[in-house]
1. If residue 233 passes every condition in (1) open to solvent by 40 Å² or more (accessible area, probe 1.4 Å); (2) polar (S, T, N, Q); (3) at pLDDT below 85 but one, which one does it miss?
2. Take the range 192-219 and flag every residue that is surrounded by fewer than 16 Cβ atoms within 10 Å (Cβ to Cβ) and at pLDDT 75 or above.
3. If residue 113 passes every condition in (1) open to solvent by 50 Å² or more (accessible area, probe 1.4 Å); (2) closer than 30 Å to residue 216 by Cα; (3) not in a helix (DSSP H, G or I) but one, which one does it miss?
4. Could you pull out the residue among 305, 309, 255 that is farther than 17 Å from residue 163 by Cα and touching a strand residue (DSSP E or B) at 6+ places or on another chain (Cβ under 9 Å)?
5. Can you tell me which residue is modelled with the lowest pLDDT among those in the range 296-337 that are aromatic (Phe, Trp, Tyr) and surrounded by fewer than 17 Cβ atoms within 10 Å (Cβ to Cβ)?
6. Pairs under 6 Å by beta carbon, first residue closer than 12 Å to residue 63 by Cβ and modelled with pLDDT under 85 in the range 18-43, partner surrounded by 15 or more Cβ atoms within 10 Å (Cβ to Cβ) and of a type in the set (D, E, K, R), six or more apart or different chains?
7. Hey, does the range 63-80 have a residue that's at pLDDT below 85 and outside any helix (DSSP H, G or I)?
8. Among 55, 118, which is at pLDDT below 95, within 29 Å of residue 222 (Cα to Cα), open to solvent by 20 Å² or more (accessible area, probe 1.4 Å) and in a helix (DSSP H, G or I)?
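The values are calculated or read from the model by the stated rules, or taken from the named source; none is laboratory data. This one's a predicted model, so the numbers in the text were calculated from it and none came from an experiment. No Cβ is skipped: glycine too gets one built from the backbone with ideal geometry, and neighbour counts run over all protein chains shown. Protein only, heavy atoms only, side chains kept; ligands, DNA and RNA dropped before computing areas. Shrake-Rupley method; radii C 1.70, N 1.55, O 1.52, S 1.80 Å.
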Amino acid sequence: MPRSGAGERTYLKLRHFSDRLDRLNINKKIVFPDHEFLGTLCGAQNAHLYLLEEKTGVSINVRGNVFLLKGGDWEVDLAEKVLHQLYELIKSGYPLFLNDVDYAVRILGSNHSLDLKKIFMDKVCFSSKKKIITPKTINQKEYIDSIRRFDIVFGIGPAGTGKTYLAMAMAISSLVRKEISRVVLARPAVEAGERLGFLPGDLSDKVDPYLRPLYDALHDMVDFESTPRLLEQGIIEVAPLAFMRGRTLNDSFVILDEAQNATTEQMKMFLTRLGSNSRAVITGDVTQTDLPKGKKSGLIQAIEILDGIKGIKFVYFSRDDVVRHQLVQKIIDAYERMESGKE
């Protein structure tokens, strides 16, 4: 049956498109039905797609709502799953950021069958900047779930994995929901190069530099105007670990940060402060202790003697859980290579 002029042109365009796919050796064609979410999926100036290409090694070409993927079978399968799941996240109202693409590749790269919604949509709390705080890796999700289920949780791993930040987000969330009446943030005041006695100012001035990272995270979750009031009323307390001695902490969410710098005596003292309706989260990196030579870390000892006790959970993070600037993961890798070369 002869085609009309318009029909002939449409047929030729489709034939040309099909021939082009064959020449490009395209492995996969994805058609997204709803155009309104594609701008967010692709990112500003296609930044999300460029990062996905970099992380997977897959070439991605976009023609309207059609995504053409070219690469190895496993890599194309991964890129397809990342695109589909990110698309569903955006449809559900998730505000996709560039780093989320990186996290999605890491998660689905370890297991194609995982559901990003169960991780990225697990809202812990809102920051003071009205940004939703959620886990970004499988281990972060396990960490959050463990804090919900266990009274004492240890988060152990390298810098930048969100151990302290997520613990504080859970603490603030518990406070807002009135599950506890106060939050206590503690840190060992370990001298690193300068003795406290030679630093200027009174005791508070001497100790504050050691606690500054906790204040920084606190200000990110509680608006600037409310923080001084909560601190003044004792609803949120930031203190050196030594100040915990002799206390019983009831109805509290207690966080011990940089626990690798706690001595064995301090760790025992801290863990035995826990009172009724309280929970504790202990975070640290056993590879970065600042204790004097010959002094054993209380965190290392706790791992040795407390693992397996019912009600206590240990969650371990790796460099794959680093959620800071992408260079942080590369720095960790470089130091690991250097240290392994020494052995």
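1. Unmet for residue 233, out of (1) open to solvent by 40 Å² or more (accessible area, probe 1.4 Å); (2) polar (S, T, N, Q); (3) at pLDDT below 85: (3).
2. 216, 219
3. Of the numbered conditions (1) open to solvent by 50 Å² or more (accessible area, probe 1.4 Å); (2) closer than 30 Å to residue 216 by Cα; (3) not in a helix (DSSP H, G or I), the odd one out for residue 113 is (2).
4. Numbers: 305 fails: touching a strand residue (DSSP E or B) at 6+ places or on another chain (Cβ under 9 Å); 255 fails: farther than 17 Å from residue 163 by Cα.
Result: 309 is the single residue among 305, 309, 255 that is farther than 17 Å from residue 163 by Cα and touching a strand residue (DSSP E or B) at 6+ places or on another chain (Cβ under 9 Å).
5. To start, the set of residues in the range 296-337 that are aromatic (Phe, Trp, Tyr) comprises 314, 316-317, 335.
Checking which are surrounded by fewer than 17 Cβ atoms within 10 Å (Cβ to Cβ) leaves us with 316, 335.
Values: 316: 97, 335: 83.
Filtering first and then ranking leaves 335.
6. Pairs found: 26/70.
7. Start the filter on the range 63-80 by keeping residues that are at pLDDT below 85, which leaves none.
No - not one qualifying residue is present in the range 63-80.
8. Values: 55 fails: within 29 Å of residue 222 (Cα to Cα).
Checking each option against the conditions leaves just 118.
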